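Following this message is one structure expressed as structure tokens.
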Amino acid sequence: MAAAGPSVFLLMVNGQVESAQFPEYDDLYCKYCFVYGQDWAPTAGLEEGISQITSKSQDVRQALVWNFPIDVTFKSTNPYGWPQIVLSVYGPDVFGNDVVRGYGAVHLPFSPGRHKRTIPMFVPESTSKLQKFTSWFMGRRPEYTDPKVVAQGEGREVTRVRSQGFVTLLFNVVTKDMRKLGYDTGPSDTQGVSRPSPPPGLPL
């Protein structure tokens, strides 16, 4: 009797929130969480985390280095709703209040291997100068009540935002049984693929 084929595939991801570039700010920390579709379920690892506070490096890069680990495994029956990692960066304002310094999101890589991603960050903006001054004075900057909205499209068109900073992540991705379920996760580039040589006399 033939053995039944797999009914789910696995996506295993580890890596780290490596560093950030926020030229105007220092002493920042980072939170992360995942957003995924209804057919996905975490089976191991942590779905969210909060890093230590880091200060800028003393070299010319002035990088904020966290090297904060990520380790999570998901299972699913189809790729719809592929997981995204949502990042929120916080730091003190001039009054010592913790305020958001950036939101960002990116899909976990689709293909197995080692990947590096640099995410542009943004912050919500007040809609008027009066609101901007009041929020600065009260130490309550505009922020999302749920950072996961960053990974969703609904309602984003009515939100005013401003670009601010970058965060770099490293991922090591392993998939299991995707090919058995009919999904090709091979590399998208053609490096290392041999091509037929042209007939003699034709330009390369």
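The values are calculated or read from the model by the stated rules, or taken from the named source; none is laboratory data. The shown structure was predicted, so the numbers you read here are calculated from the model rather than taken from an experiment. Positions of Cβ are generated from backbone atoms using ideal geometry, with glycine treated the same way; all protein chains shown enter the neighbour counts. Only protein heavy atoms, including side chains, enter the accessible area calculation; ligands, DNA and RNA are left aside. Shrake-Rupley method; radii C 1.70, N 1.55, O 1.52, S 1.80 Å.
Yes or no: Val106 at pLDDT 90 or above, over 16 Å from the mean Cα position of the chain (by Cα), surrounded by 13 or more Cβ atoms within 10 Å (Cβ to Cβ) and in a strand (DSSP E or B)?
no
Identify the residue in the range 140-167 that is acidic (Asp, Glu) and open to solvent by 100 Å² or more (accessible area, probe 1.4 Å) and, among all such residues, is modelled with the lowest pLDDT.
Glu157
Determine the pairs where a residue that is acidic (Asp, Glu), located within the range 52-71, has a partner that is surrounded by 12 or more Cβ atoms within 10 Å (Cβ to Cβ) with Cβ atoms under 7 Å apart, the partner being 6 or more residues away or on another chain.
Pairs that qualify, where the first residue is acidic (Asp, Glu) and the partner is surrounded by 12 or more Cβ atoms within 10 Å (Cβ to Cβ), are Asp71/Asn14; Asp71/Gly45; Asp71/Leu46.
Would you mention how many residues in the range 55-72 are open to solvent by 20 Å² or more (accessible area, probe 1.4 Å) and within 21 Å of Asn14 (Cβ to Cβ)?
Matching residues across the range 55-72 total 5.
Would you say Gly81 is farther than 20 Å from Leu170 by Cα, in a loop (DSSP other than H, G, I, E, B) and open to solvent by less than 20 Å² (accessible area, probe 1.4 Å)?
When the stated conditions are applied, Gly81 does not pass them.
Select, from Val86, Val17, the only residue that is in contact (Cβ under 8 Å) with a residue 60 or more places away in the chain, open to solvent by less than 20 Å² (accessible area, probe 1.4 Å) and in contact with a Ser or Thr (Cβ under 8 Å, 6 or more places away or on another chain).
Of Val86, Val17, the one residue that is in contact (Cβ under 8 Å) with a residue 60 or more places away in the chain, open to solvent by less than 20 Å² (accessible area, probe 1.4 Å) and in contact with a Ser or Thr (Cβ under 8 Å, 6 or more places away or on another chain) is Val17.
Where residues in the range 33-52 are open to solvent by 30 Å² or more (accessible area, probe 1.4 Å) and within 16 Å of the chain's Cα centre (by Cα), which of them is nearest to Asp71 (Cα to Cα)?
Leu46
Exactly one condition in (1) part of a strand (DSSP E or B); (2) modelled with pLDDT under 75 is false for Phe137; which is it?
(1)
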